[in-house]
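Colleague: First, the structure itself, so that you have it in front of you.
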Amino acid sequence: MAARRPALSRVESRLDFADWMAACAGRVEAALDATLPASGAHPVRLHEAMRYAVLGGGKRVRPLLVYAAGELSGAAFGALDCAACSVELIHAYSLVHDDMPCMDDDVLRRGKPTVHVAYGEATAMLVGDALQALAFEALGAAVTHGAGPAAGVAMIVDLARAAGSLGMAGGQAIDLDSVGVSLNQSQLEDMHRRKTGALLAAAVRLGAACGRKLSAPEQAELERFAQAMGLAFQVVDDILDVEADSATLGKTAGKDSEHNKPTYVSVMGLEPARQFAQSLREEARSALASFGPTARRLGDITDLIVQRSS
Ligand code: GRG
(Lines give C-alpha, C1' and ligand atoms only; values in the text may rest on other atoms or scores of the structure.)
Protein backbone atom coordinates (compact mmCIF):
# COMPACT_ATOMS: atom_id res chain seq x y z
CA MET A 1 0.00 0.00 0.00
CA ALA A 2 1.54 3.33 -1.00
CA ALA A 3 1.78 6.28 1.37
CA ARG A 4 -0.15 8.88 -0.69
CA ARG A 5 -3.33 9.37 1.39
CA PRO A 6 -5.38 12.41 2.36
CA ALA A 7 -5.11 13.09 6.08
CA LEU A 8 -7.83 11.82 8.39
CA SER A 9 -6.68 11.97 11.97
CA ARG A 10 -8.34 11.36 15.31
CA VAL A 11 -9.08 15.10 15.40
CA GLU A 12 -11.30 14.56 12.40
CA SER A 13 -13.56 12.29 14.41
CA ARG A 14 -15.15 15.64 15.34
CA LEU A 15 -15.87 16.53 11.70
CA ASP A 16 -19.47 16.80 10.72
CA PHE A 17 -20.84 13.87 8.78
CA ALA A 18 -20.52 15.29 5.25
CA ASP A 19 -16.89 16.27 5.84
CA TRP A 20 -16.16 12.92 7.48
CA MET A 21 -17.63 11.07 4.48
CA ALA A 22 -15.61 13.18 2.06
CA ALA A 23 -12.42 12.49 4.02
CA CYS A 24 -13.13 8.72 4.07
CA ALA A 25 -13.99 8.71 0.37
CA GLY A 26 -10.70 10.50 -0.34
CA ARG A 27 -8.77 7.98 1.77
CA VAL A 28 -10.27 4.94 0.09
CA GLU A 29 -9.94 6.43 -3.40
CA ALA A 30 -6.22 7.01 -2.80
CA ALA A 31 -5.80 3.54 -1.28
CA LEU A 32 -7.58 1.91 -4.24
CA ASP A 33 -5.49 3.92 -6.70
CA ALA A 34 -2.31 2.79 -4.96
CA THR A 35 -3.45 -0.84 -4.66
CA LEU A 36 -4.55 -1.30 -8.28
CA PRO A 37 -1.73 -1.99 -10.75
CA ALA A 38 -0.86 1.07 -12.89
CA SER A 39 -2.83 1.31 -16.15
CA GLY A 40 0.44 1.02 -18.11
CA ALA A 41 1.41 -2.23 -16.36
CA HIS A 42 1.50 -5.34 -18.55
CA PRO A 43 -1.10 -6.65 -19.52
CA VAL A 44 -2.27 -3.10 -20.19
CA ARG A 45 -5.85 -3.75 -21.31
CA LEU A 46 -6.70 -5.79 -18.22
CA HIS A 47 -5.20 -3.23 -15.84
CA GLU A 48 -6.91 -0.32 -17.60
CA ALA A 49 -10.23 -2.16 -17.33
CA MET A 50 -9.68 -2.93 -13.62
CA ARG A 51 -9.05 0.73 -12.92
CA TYR A 52 -12.09 1.71 -15.04
CA ALA A 53 -14.25 -0.67 -12.96
CA VAL A 54 -13.09 0.60 -9.58
CA LEU A 55 -11.95 4.22 -9.62
CA GLY A 56 -13.96 7.42 -9.66
CA GLY A 57 -17.45 6.11 -9.03
CA GLY A 58 -19.83 4.55 -6.59
CA LYS A 59 -21.11 5.74 -3.25
CA ARG A 60 -18.36 3.85 -1.34
CA VAL A 61 -20.90 2.77 1.29
CA ARG A 62 -18.92 -0.34 2.25
CA PRO A 63 -15.65 1.55 2.88
CA LEU A 64 -17.60 4.12 4.93
CA LEU A 65 -18.94 1.27 7.07
CA VAL A 66 -15.38 -0.01 7.57
CA TYR A 67 -14.10 3.39 8.75
CA ALA A 68 -17.16 3.97 10.93
CA ALA A 69 -16.94 0.55 12.59
CA GLY A 70 -13.24 1.17 13.19
CA GLU A 71 -14.24 4.01 15.53
CA LEU A 72 -15.84 1.45 17.87
CA SER A 73 -12.56 -0.36 18.40
CA GLY A 74 -10.05 2.49 18.04
CA ALA A 75 -8.62 0.91 14.89
CA ALA A 76 -5.53 2.28 13.12
CA PHE A 77 -6.29 4.10 9.86
CA GLY A 78 -3.63 2.12 7.98
CA ALA A 79 -5.43 -1.15 8.73
CA LEU A 80 -8.82 0.42 7.96
CA ASP A 81 -7.57 1.56 4.54
CA CYS A 82 -6.64 -2.05 3.73
CA ALA A 83 -10.01 -3.40 4.90
CA ALA A 84 -11.94 -0.62 3.13
CA CYS A 85 -10.07 -1.34 -0.10
CA SER A 86 -10.70 -5.06 0.15
CA VAL A 87 -14.49 -4.83 0.56
CA GLU A 88 -14.78 -2.25 -2.23
CA LEU A 89 -12.72 -4.46 -4.56
CA ILE A 90 -15.01 -7.43 -3.86
CA HIS A 91 -18.04 -5.19 -4.44
CA ALA A 92 -16.60 -3.82 -7.71
CA TYR A 93 -15.86 -7.35 -8.97
CA SER A 94 -19.43 -8.42 -8.16
CA LEU A 95 -20.87 -5.50 -10.11
CA VAL A 96 -18.67 -6.25 -13.16
CA HIS A 97 -19.77 -9.89 -13.24
CA ASP A 98 -23.40 -9.07 -12.37
CA ASP A 99 -23.63 -6.71 -15.36
CA MET A 100 -22.41 -9.33 -17.87
CA PRO A 101 -24.83 -10.76 -20.45
CA CYS A 102 -24.83 -14.18 -18.72
CA MET A 103 -26.17 -12.53 -15.54
CA ASP A 104 -28.10 -9.26 -15.34
CA ASP A 105 -27.02 -8.08 -18.82
CA ASP A 106 -26.73 -4.35 -18.20
CA VAL A 107 -25.03 -1.60 -20.17
CA LEU A 108 -24.89 1.20 -17.57
CA ARG A 109 -23.10 1.22 -14.21
CA ARG A 110 -22.00 4.18 -12.12
CA GLY A 111 -23.08 6.44 -14.98
CA LYS A 112 -20.70 4.79 -17.48
CA PRO A 113 -20.88 1.92 -19.97
CA THR A 114 -20.41 -1.37 -18.10
CA VAL A 115 -17.00 -3.06 -18.26
CA HIS A 116 -18.02 -5.71 -20.81
CA VAL A 117 -19.47 -2.99 -23.06
CA ALA A 118 -16.29 -0.91 -22.84
CA TYR A 119 -13.72 -3.76 -22.89
CA GLY A 120 -15.47 -6.95 -24.05
CA GLU A 121 -16.81 -9.95 -22.14
CA ALA A 122 -13.59 -11.92 -21.75
CA THR A 123 -11.80 -8.91 -20.25
CA ALA A 124 -14.77 -8.21 -17.96
CA MET A 125 -14.62 -11.74 -16.62
CA LEU A 126 -10.89 -11.43 -15.97
CA VAL A 127 -11.39 -8.01 -14.34
CA GLY A 128 -13.74 -9.62 -11.81
CA ASP A 129 -11.37 -12.53 -11.20
CA ALA A 130 -8.39 -10.25 -10.71
CA LEU A 131 -10.25 -7.78 -8.46
CA GLN A 132 -11.35 -10.61 -6.22
CA ALA A 133 -7.78 -11.87 -5.84
CA LEU A 134 -6.51 -8.31 -5.27
CA ALA A 135 -9.08 -7.83 -2.50
CA PHE A 136 -7.48 -10.56 -0.42
CA GLU A 137 -3.99 -9.25 -1.13
CA ALA A 138 -5.13 -5.82 0.11
CA LEU A 139 -6.71 -7.28 3.23
CA GLY A 140 -3.56 -9.26 4.03
CA ALA A 141 -1.68 -5.96 4.19
CA ALA A 142 -3.79 -4.95 7.23
CA VAL A 143 -1.59 -7.29 9.29
CA THR A 144 1.39 -4.94 8.96
CA HIS A 145 -0.71 -1.77 9.17
CA GLY A 146 -1.96 -2.17 12.74
CA ALA A 147 -4.35 -5.13 12.75
CA GLY A 148 -1.85 -7.86 13.67
CA PRO A 149 -1.63 -11.45 12.41
CA ALA A 150 -4.52 -13.07 14.34
CA ALA A 151 -7.05 -10.41 13.35
CA GLY A 152 -5.65 -10.41 9.80
CA VAL A 153 -6.28 -14.14 9.32
CA ALA A 154 -9.74 -13.89 10.93
CA MET A 155 -10.64 -11.01 8.59
CA ILE A 156 -9.52 -12.94 5.51
CA VAL A 157 -11.70 -15.90 6.52
CA ASP A 158 -14.63 -13.58 7.27
CA LEU A 159 -14.42 -11.81 3.89
CA ALA A 160 -14.01 -15.10 2.02
CA ARG A 161 -17.17 -16.48 3.64
CA ALA A 162 -19.13 -13.28 2.98
CA ALA A 163 -18.14 -13.31 -0.71
CA GLY A 164 -18.48 -17.05 -1.28
CA SER A 165 -21.21 -19.59 -1.97
CA LEU A 166 -22.79 -19.21 1.48
CA GLY A 167 -22.76 -15.42 1.07
CA MET A 168 -22.78 -13.09 -1.93
CA ALA A 169 -22.09 -15.63 -4.71
CA GLY A 170 -24.73 -17.96 -3.26
CA GLY A 171 -27.21 -15.10 -3.04
CA GLN A 172 -26.53 -14.32 -6.68
CA ALA A 173 -27.20 -17.98 -7.57
CA ILE A 174 -30.57 -17.80 -5.77
CA ASP A 175 -31.28 -14.49 -7.53
CA LEU A 176 -30.62 -16.01 -10.96
CA ASP A 177 -32.94 -18.92 -10.13
CA SER A 178 -35.70 -16.62 -8.91
CA VAL A 179 -36.54 -14.91 -12.22
CA GLY A 180 -40.25 -15.33 -12.83
CA VAL A 181 -40.63 -17.27 -9.57
CA SER A 182 -42.87 -16.08 -6.77
CA LEU A 183 -40.87 -15.89 -3.50
CA ASN A 184 -42.42 -15.27 -0.11
CA GLN A 185 -40.96 -12.58 2.16
CA SER A 186 -38.78 -14.97 4.12
CA GLN A 187 -37.28 -16.47 0.94
CA LEU A 188 -36.68 -12.96 -0.40
CA GLU A 189 -34.99 -11.99 2.86
CA ASP A 190 -32.77 -15.07 2.78
CA MET A 191 -31.65 -14.23 -0.77
CA HIS A 192 -30.83 -10.62 0.07
CA ARG A 193 -29.10 -11.39 3.36
CA ARG A 194 -26.68 -13.41 1.24
CA LYS A 195 -26.46 -11.41 -1.97
CA THR A 196 -26.19 -7.88 -0.59
CA GLY A 197 -26.28 -8.13 3.21
CA ALA A 198 -23.33 -10.50 3.67
CA LEU A 199 -20.75 -8.09 2.24
CA LEU A 200 -22.22 -5.04 3.98
CA ALA A 201 -22.15 -6.92 7.30
CA ALA A 202 -18.59 -8.07 6.64
CA ALA A 203 -17.57 -4.43 6.08
CA VAL A 204 -18.83 -3.62 9.59
CA ARG A 205 -17.12 -6.61 11.22
CA LEU A 206 -13.84 -5.98 9.36
CA GLY A 207 -13.70 -2.35 10.42
CA ALA A 208 -14.24 -3.30 14.06
CA ALA A 209 -11.75 -6.19 13.81
CA CYS A 210 -8.97 -3.78 12.80
CA GLY A 211 -8.84 -2.47 16.39
CA ARG A 212 -9.24 -3.88 19.93
CA LYS A 213 -11.14 -7.14 20.23
CA LEU A 214 -14.79 -6.42 21.04
CA SER A 215 -16.46 -8.31 23.90
CA ALA A 216 -18.98 -11.04 23.02
CA PRO A 217 -22.01 -8.81 23.88
CA GLU A 218 -20.51 -5.99 21.78
CA GLN A 219 -19.99 -8.38 18.86
CA ALA A 220 -23.59 -9.59 19.16
CA GLU A 221 -24.98 -6.04 19.09
CA LEU A 222 -22.72 -5.12 16.18
CA GLU A 223 -23.99 -8.15 14.27
CA ARG A 224 -27.61 -7.17 15.03
CA PHE A 225 -26.81 -3.72 13.66
CA ALA A 226 -25.09 -5.12 10.57
CA GLN A 227 -27.93 -7.48 9.68
CA ALA A 228 -30.65 -4.82 10.02
CA MET A 229 -28.62 -2.19 8.13
CA GLY A 230 -27.74 -4.68 5.34
CA LEU A 231 -31.35 -5.62 4.80
CA ALA A 232 -32.46 -1.97 4.93
CA PHE A 233 -29.98 -1.24 2.13
CA GLN A 234 -31.64 -3.84 -0.11
CA VAL A 235 -35.22 -2.81 0.71
CA VAL A 236 -34.33 0.77 -0.24
CA ASP A 237 -32.58 -0.48 -3.40
CA ASP A 238 -35.83 -2.21 -4.41
CA ILE A 239 -37.82 0.97 -3.72
CA LEU A 240 -35.39 3.08 -5.76
CA ASP A 241 -35.56 0.61 -8.66
CA VAL A 242 -39.25 1.57 -8.91
CA GLU A 243 -39.07 5.25 -7.97
CA ALA A 244 -35.81 6.69 -9.34
CA ASP A 245 -34.67 7.24 -12.92
CA SER A 246 -31.57 5.78 -14.55
CA ALA A 247 -29.74 9.14 -14.60
CA THR A 248 -30.09 9.49 -10.82
CA LEU A 249 -29.16 5.86 -10.12
CA GLY A 250 -26.27 5.72 -12.61
CA LYS A 251 -27.61 2.28 -13.57
CA THR A 252 -30.67 1.12 -15.46
CA ALA A 253 -33.82 1.76 -13.41
CA GLY A 254 -36.83 -0.59 -13.45
CA LYS A 255 -34.70 -3.67 -14.19
CA ASP A 256 -36.31 -5.83 -11.50
CA SER A 257 -39.83 -5.64 -12.84
CA GLU A 258 -38.56 -5.79 -16.42
CA HIS A 259 -36.80 -9.06 -15.55
CA ASN A 260 -39.80 -10.26 -13.55
CA LYS A 261 -37.70 -10.51 -10.37
CA PRO A 262 -39.30 -10.63 -6.93
CA THR A 263 -38.51 -7.53 -4.83
CA TYR A 264 -39.70 -6.06 -1.54
CA VAL A 265 -41.97 -3.78 -3.54
CA SER A 266 -43.49 -6.62 -5.56
CA VAL A 267 -43.89 -8.86 -2.48
CA MET A 268 -45.02 -6.25 0.10
CA GLY A 269 -46.20 -3.23 -1.91
CA LEU A 270 -44.49 0.19 -2.02
CA GLU A 271 -45.77 1.74 1.20
CA PRO A 272 -45.23 -1.38 3.38
CA ALA A 273 -41.72 -1.65 1.90
CA ARG A 274 -41.05 1.98 2.95
CA GLN A 275 -42.30 1.21 6.46
CA PHE A 276 -40.19 -1.94 6.60
CA ALA A 277 -37.08 0.10 5.70
CA GLN A 278 -37.89 2.51 8.54
CA SER A 279 -38.35 -0.31 11.04
CA LEU A 280 -35.00 -1.82 10.01
CA ARG A 281 -33.40 1.58 10.48
CA GLU A 282 -34.80 1.75 14.02
CA GLU A 283 -33.62 -1.79 14.76
CA ALA A 284 -30.14 -0.94 13.48
CA ARG A 285 -29.98 2.26 15.52
CA SER A 286 -31.18 0.51 18.69
CA ALA A 287 -28.40 -2.08 18.31
CA LEU A 288 -25.87 0.77 18.39
CA ALA A 289 -27.17 2.30 21.62
CA SER A 290 -24.78 0.50 23.97
CA PHE A 291 -21.71 1.78 22.05
CA GLY A 292 -22.46 5.42 22.84
CA PRO A 293 -20.85 8.22 20.80
CA THR A 294 -18.28 5.95 19.11
CA ALA A 295 -21.16 4.53 17.05
CA ARG A 296 -22.27 7.95 15.83
CA ARG A 297 -20.96 7.44 12.27
CA LEU A 298 -22.60 4.02 11.92
CA GLY A 299 -25.90 5.62 12.91
CA ASP A 300 -25.40 8.43 10.40
CA ILE A 301 -24.63 5.93 7.62
CA THR A 302 -27.79 3.98 8.45
CA ASP A 303 -29.85 7.15 8.06
CA LEU A 304 -28.08 7.86 4.77
CA ILE A 305 -28.79 4.34 3.48
CA VAL A 306 -32.49 4.62 4.27
CA GLN A 307 -32.90 8.21 3.06
CA ARG A 308 -30.71 7.99 -0.09
CA SER A 309 -32.06 8.78 -3.55
CA SER A 310 -29.47 6.83 -5.58
C1 GRG B 1 -21.64 -11.71 -9.49
C2 GRG B 1 -20.97 -13.11 -7.48
C3 GRG B 1 -21.74 -11.99 -8.05
C4 GRG B 1 -22.52 -11.29 -7.23
C5 GRG B 1 -23.28 -10.12 -7.64
C6 GRG B 1 -23.95 -7.36 -5.61
C7 GRG B 1 -24.49 -8.27 -6.64
C8 GRG B 1 -24.14 -9.69 -6.50
C9 GRG B 1 -25.18 -7.82 -7.67
C10 GRG B 1 -25.53 -6.41 -7.87
C11 GRG B 1 -26.95 -6.35 -8.27
C12 GRG B 1 -27.63 -5.31 -7.51
C13 GRG B 1 -27.89 -4.06 -8.24
C14 GRG B 1 -27.96 -5.54 -6.24
C15 GRG B 1 -28.68 -4.56 -5.44
C16 GRG B 1 -27.89 -4.00 -4.31
C17 GRG B 1 -26.58 -3.50 -4.75
C18 GRG B 1 -25.42 -4.36 -4.41
C19 GRG B 1 -26.48 -2.34 -5.38
C20 GRG B 1 -25.20 -1.77 -5.81
O21 GRG B 1 -24.49 -1.32 -4.70
P22 GRG B 1 -24.28 0.24 -4.44
O23 GRG B 1 -25.61 0.95 -4.52
O24 GRG B 1 -23.42 0.62 -5.73
O25 GRG B 1 -23.50 0.43 -3.18
P26 GRG B 1 -22.27 1.73 -5.89
O27 GRG B 1 -22.09 1.84 -7.38
O28 GRG B 1 -22.73 3.00 -5.25
O29 GRG B 1 -21.04 1.16 -5.23
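The values are calculated or read from the model by the stated rules, or taken from the named source; none is laboratory data. The model shown is predicted, which means the values in this text are computed figures rather than measured ones. Note that each Cβ is placed from the backbone with ideal geometry, even for glycine, and that neighbours are counted across all protein chains shown. When the accessible area is computed, the model is the full protein with side chains, heavy atoms only, and any ligands, DNA or RNA have been set aside. Shrake-Rupley method; radii C 1.70, N 1.55, O 1.52, S 1.80 Å.
Colleague: List the relative contact order of the chain as a percent without decimals, with contacts defined as Cα pairs under 8 Å and 6+ residues apart.
Modeller: Dividing the mean separation by the residue count of the chain yields 19 percent.
Colleague: Same structure, new question: By the gyration tensor of its Cα atoms, with a ≥ b ≥ c the square roots of the eigenvalues, what is the shape of segment 253-310: rounded for a/c under 1.5, prolate for a/b over b/c, or oblate?
Modeller: Since a/c reaches 1.5 and a/b is larger than b/c, the shape of segment 253-310 is classed as prolate.
Colleague: In terms of solvent-accessible area of protein heavy atoms at a 1.4 angstrom probe, what is the ranking of Lys213, Lys59, Lys261, highest value first?
Modeller: Ranked from most to least accessible, the order is Lys213, Lys59, Lys261.
Colleague: If you don't mind, another one. Hey, can you find the accessible area per residue of the chain for me, probe 1.4 Å, expressed in square angstrom?
Modeller: Computed with neighbouring chains in place, this is 41 Å² per residue.
Colleague: Moving on to the next point. Put +1 on the Cβ of every Lys and Arg and -1 on every Asp and Glu Cβ in segment 47-133; which of Leu72, His116, His91 then has its Cα farthest towards the positive end of the dipole?
Modeller: Leu72
Colleague: Taking a threshold of 20 Å on the Cα-Cα distance, which of the pairs Lys112/Lys251; Lys59/Lys261; Lys112/Lys261 fall above it?
Modeller: Lys59/Lys261; Lys112/Lys261, as the Cα separations exceed 20 Å there.
Colleague: Right, another one. Could you sort Asp175, Asp300, Asp245 by their accessible area in this structure, using a 1.4 Å probe and putting the largest first?
Modeller: Order by accessible area, largest first: Asp245, Asp300, Asp175.
Colleague: Follow-up question, since we're still on this one. What translational D, rounded to a whole number of µm²/s, comes out for segment 161-205 from Stokes-Einstein when the hydrodynamic radius is the Kirkwood one over Cα pairs, at 10 °C and 1.306 mPa s?
Modeller: Here the translational diffusion coefficient equals 153 µm²/s.
Colleague: So how far, in whole Å, is the C-alpha centre of segment 75-97 from the one of segment 168-204?
Modeller: Taking the Cα centre of segment 168-204 as reference, the centre of segment 75-97 is 21 Å away.
Colleague: Here is a further query. Straight-line reach from Lys195: which aspartates and glutamates fall under 16 Å, measuring Cα to Cα and dropping same-chain residues less than 8 apart?
Modeller: Leaving aside aspartates and glutamates fewer than 8 places away in the same chain, those within reach of Lys195 are Glu88, Asp98, Asp99, Asp104, Asp158, Asp175, Asp177, Asp237, Asp238, Asp256.
Colleague: Let me spell out the model: positive unit charges on the Cβ of Lys and Arg, negative unit charges on the Cβ of Asp and Glu, origin at the Cα centre of segment 168-222. What dipole size does that give, in debye rounded to 20?
Modeller: Roughly 280 debye, rounded to the nearest 20.
Colleague: Take each of the peptides 226-233, 178-185, 100-107, 134-141, average the number of other beta-carbon atoms within 10 Å over its residues, and list them starting from the highest.
Modeller: The most tightly packed comes first, giving 226-233, 134-141, 100-107, 178-185.
Colleague: What accessible surface, in Å², does a 1.4 Å probe find on Val153, ignoring ligands, DNA and RNA and rounding to the nearest 10?
Modeller: 90
Colleague: At 1.4 Å probe size, put His192, His97 in order of accessible surface, largest to smallest.
Modeller: His97, His192
Colleague: Using the Kyte-Doolittle scale, find the helices of the chain whose mean hydropathy is at least 0.5 and whose Cα atoms extend 24 Å or more along the helix's long axis, counting only whole DSSP H runs.
Modeller: Passing helices, by number: 17-35, 77-99, 121-140.
Colleague: Looking at Leu214, Val107, Met168, which one has the Cα that reaches farthest to the positive end of the dipole of the chain (charges on Cβ: Lys, Arg +1; Asp, Glu -1)?
Modeller: Checking the options against the dipole of the chain, the answer is Leu214.
Colleague: Charges on Cβ only, +1 for Lys and Arg, -1 for Asp and Glu, centred on the Cα centroid of segment 1-157; of Leu46, Ala142, Ile156, which one is farthest towards the dipole's positive end?
Modeller: Farthest towards the positive pole: Ala142.
Colleague: Ignoring any ligand, DNA or RNA, what whole percent of the accessible area of the chain comes from carbon and sulfur when the probe is 1.4 angstrom?
Modeller: Summing carbon and sulfur atoms, their accessible area is 58 percent of the total for the chain.
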